[in-house]
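Below you'll find the structure, written out as structure tokens, and then a few comments.
The values are calculated or read from the model by the stated rules, or taken from the named source; none is laboratory data. Please read these numbers as outputs of a predicted model, since none were measured by experiment. Because the Cβ atoms are built from the backbone with ideal geometry, glycine has one as well, and the counts that use them run over all protein chains shown.
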Amino acid sequence: MDKFIEKCEAKLNGKFKAIDEVAYFNQVKVLNAFKECRVSLRHFNPTSGYGYDDEGRDTLGKLYAMSFGAESGIVSPHLLSGTHALTVALFGLLRPNDTLFCISGMPYDTIRGVIFGENNGSLKDFGVNFEYCDLNKDGKFDYTAIKNKFSDSVKVVYIQRSRGYELRDAFSCTEIGEACKFVRSLGFKGCIFVDNCYGEFVEKKEPTEVGADLIVGSLIKNAGGGLAVTGGYICGRSEYIELIGKRLTAPSIGLEVGSYAGGYQYFYQGLFMAPHTVAQALKTGLLIGQAMGELGYKNFPSLDKTPYDITRAIEFDNADKMVNFIREVQFASPVDGFVTCEPWDMPGYDEKIIMAAGTFVSGASIELSADGPVKPPYIAYFQGGLTYEHGKYALERILSKLR
């Protein structure tokens, strides 16, 4: 078994070297942001009450913004998940009769209820319209369809970078930049908004450096480096961050308040670790993909392509194989490694989901994890890995079960 994995690793040497080069570039970029923001021990201190003088909060927002090539940022433990961060940002930007236009296909399951849910406090309930364009047959932006559906009522153009539960590749920053340029050519002057979950630090640039106005994500994915215990971020143009801040707190208060009694060390330290941690996850995903491909399992992105997020989709021909794969990820976990995963009705999803997440931070998908809806086609979505060595061990377990 070890020889088989060694063979897979040998085929990936070139890709691993490229990942290390990106990680080094991003580590320097983040370190320079720390130095520019003059981060010191006082920024880690807990605060209470209104938090009017919370330097840790304010500097953290500036630090993330600078690391992502943006003007301003909100980074907060009060953003409870990626979906919550997306929700706060969208409600901060959109008004009745505005249109939210998604050009990357139907958005991920948990954000759909936010956009067009019925009588649940959704954007639709408040008079915000929604349009979307399917991707073309190659899983890329369909520029003809975008042009045909575009209208003057569009105030936010929405792009989901990662695949969600779809069988497509994540978008590169080059592709996102081209889409931004095209949308601007249509005369659009509003906000180009990118759900950046799973994509942070995978490349040398972020969407805010190629034309996007806002990027949004979760701290228990890439950006928190495996150390942040909760939270989300919203970074981009200052005028939009100011509007969103009034939705995060209250219109009369904005970003002047917000304390955190837990202290900010792990949010700062997590960002510092993020470029390295993302590299570990990318290598783990490539190794899993190479091994599964050698055994005849179709997986995405194809191994001749550069991955543009930390997720990998692996297709199985029946539910049992998919479930067994995900269970082995759980059994290889440091936390709850004795637990047998079962499909269940998870909040925000239409189908039963099986999820392996034996993680130090509950549900953190920068840590080794796998999940998927138990329905045809049977796709396991694998992501994360704080260390490559952990991912390699999990692969040994997976191969033993499959064989």
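Brief remarks on what is shown
- Enumeration of residues in segment 128-184 that are in contact with a helix residue (DSSP H, G or I) (Cβ under 6 Å, 6 or more places away or on another chain) and of a type in the set (D, E): E131
- The single residue among F101, F130, F141 that is assigned to a strand (DSSP E or B), touching a residue at least 40 places away in the same chain (Cβ under 8 Å), closer than 27 Å to K181 by Cα and not assigned by TED's automatic domain parsing to the domain that holds P373 turns out to be F101.
- Only one of the numbered conditions (1) assigned to a loop (DSSP other than H, G, I, E, B); (2) over 24 Å from E200 (Cα atoms) is not met by F325, and that is (1).
- Residue in segment 5-12 that is touching a residue at least 24 places away in the same chain (Cβ under 8 Å) and within 25 Å of the chain's Cα centre (by Cα) present: yes
Results for (1) farther than 29 Å from K305 by Cα; (2) in the same structural domain as A261 (by TED's automatic domain parsing); (3) within 27 Å of the chain's Cα centre (by Cα); (4) touching a residue at least 12 places away in the same chain (Cβ under 8 Å), shown as yes or no for each residue.
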| site | (1), (2), (3), (4) |
| --- | --- |
| A18 | no, no, yes, yes |
| A33 | yes, no, yes, yes |
| G49 | yes, yes, no, yes |
| G69 | no, yes, yes, yes |
| I74 | yes, yes, yes, yes |
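- Residue match in segment 299-312 (condition: in the same structural domain as T340 (by TED's automatic domain parsing), closer than 23 Å to V339 by Cβ and in a helix (DSSP H, G or I)): no
- Among (1) within 15 Å of M106 (Cβ to Cβ); (2) crowded, with 17+ Cβ neighbours inside 10 Å; (3) touching a Cys at 6+ places or on another chain (Cβ under 7 Å) - the single one V156 does not satisfy: (1)
- Near pairs, Cβ below 8 angstrom, 6+ apart or cross-chain, from segment 354-377 (farther than 16 Å from F325 by Cβ) to any residue that is surrounded by fewer than 19 Cβ atoms within 10 Å (Cβ to Cβ): T359/V335; F360/P334; F360/V335; V361/V229; E367/F360
- Qualifying strands (runs of 3 or more DSSP E) (wholly inside segment 351-403; at least 2 residues being in contact with a helix residue (DSSP H, G or I) (Cβ under 7 Å, 6 or more places away or on another chain) and among the small types (G, A, S)): 369-373
- Residues (among the aromatic types (F, W, Y) and closer than 10 Å to C102 by Cα) located in segment 148-165: Y158
- Beta carbons closer than 8 Å, at least 6 apart along the sequence or on distinct chains, pair a first residue in segment 380-400 that is over 20 Å from K321 (Cα atoms) with a second that is surrounded by fewer than 18 Cβ atoms within 10 Å (Cβ to Cβ) for H390/P334.
- For A85, the conditions (1) out of contact with any helix residue (DSSP H, G or I) (no Cβ under 8 Å at 6 or more places or on another chain); (2) surrounded by fewer than 21 Cβ atoms within 10 Å (Cβ to Cβ); (3) touching a residue at least 12 places away in the same chain (Cβ under 8 Å); (4) not basic (K, R) are fulfilled apart from (2).
- Looking across segment 35-47 at every residue that is part of a helix (DSSP H, G or I) and either of a type in the set (V, I, T) or touching a residue at least 60 places away in the same chain (Cβ under 8 Å) (or both), the one that is farthest from A228 (Cα to Cα) is identified as H43.
- Contact map, segment 334-352: residues that are in contact (Cβ under 8 Å) with a residue 12 or more places away in the chain paired with residues that are among the hydroxyl-bearing types (S, T, Y) and assigned to a loop (DSSP other than H, G, I, E, B), Cβ distance under 8 Å, separation 6+ or inter-chain. Pairs shown: V335/T359.
- Verdict on V128 being among the β-branched types (V, I, T), surrounded by 19 or more Cβ atoms within 10 Å (Cβ to Cβ) and in contact with a Leu (Cβ under 7 Å, 6 or more places away or on another chain): yes
- Condition met for K62 (closer than 25 Å to L248 by Cβ and either among the basic types (K, R) or part of a loop (DSSP other than H, G, I, E, B) (or both)): yes
- Residue ID - nearest to S151 (Cα to Cα), chosen from residues in segment 193-233 that are among the aliphatic types (A, V, I, L, M) and surrounded by fewer than 24 Cβ atoms within 10 Å (Cβ to Cβ): V210
- Residues in segment 181-225 that are touching a Pro at 6+ places or on another chain (Cβ under 8 Å) and under 22 Å from E239 (Cα atoms): V194, D195, N196, I215.
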